[in-house]
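Okay, so here's the structure we're looking at.
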Amino acid sequence: TLKVLTSIQKPKRLKMRGGDGHEYWWLVKGGEDLRQDQRVQQAFRTMNRILESDTQCAKRRLALEVYKVVPISKVFGIIEWVRDTDTTLQEMINDSAAKLLKKTGSQAKDVFADMCMKHNQNIGTEADPQHLEMIA
């Protein structure tokens, strides 16, 4: 099944059933080069091998969470879906805004709208004013 997610880039969540009968979830992304993400995951796997080889780290079971990243072209790829995680910092900001609005009223909406704009300018995306309207 394919579900279009509600964010600026409109990524898709793809659920597939493998030949082994298990269900596999992927995030399908367009408009982004995932090769750097793939390299970061490779670095994390290397760091995990180093952590496993250290006795103290192995006792504490220290490890970084890794997932598969498959760049298909410079502007398209798929990422293994990590279940039970928040998908974006924006969702956390929006959740915090909703909680604050309940306590302080609509004045906080303007503060959070400004924070979202500044944050998104730093990472090169646009704010989601519709979501802020919904939580007000």
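The values are calculated or read from the model by the stated rules, or taken from the named source; none is laboratory data. Since the structure is predicted, the reported quantities are computational estimates derived from the model, not experimental observations. Cβ sites come from the backbone with ideal geometry, for glycine too, and all protein chains shown count toward neighbours. When the accessible area is computed, the model is the full protein with side chains, heavy atoms only, and any ligands, DNA or RNA have been set aside. Shrake-Rupley method; radii C 1.70, N 1.55, O 1.52, S 1.80 Å.
Ordering of 48-55, 65-72 by packing is 65-72, 48-55, highest average first (other Cβ atoms within 10 Å, averaged per residue).
Taking K and R as +1 and D and E as -1, what net charge do the other residues with C-beta under 14 Å from the C-beta of Ser53 add up to?
Values: positive: Arg45, Arg49, Lys59, Arg60, Arg61; negative: Glu52, Asp54.
Taking every other residue near Ser53 into account, the sum is +3.
Ignoring ligands, DNA and RNA, what percent of the accessible area of region 1-51 is carbon or sulfur (1.4 Å)? Display every interim value, and only then the final one.
Details: 2070 of 3640 Å².
Using a 1.4 Å probe with all protein chains present, region 1-51 comes out at 57 percent carbon and sulfur.
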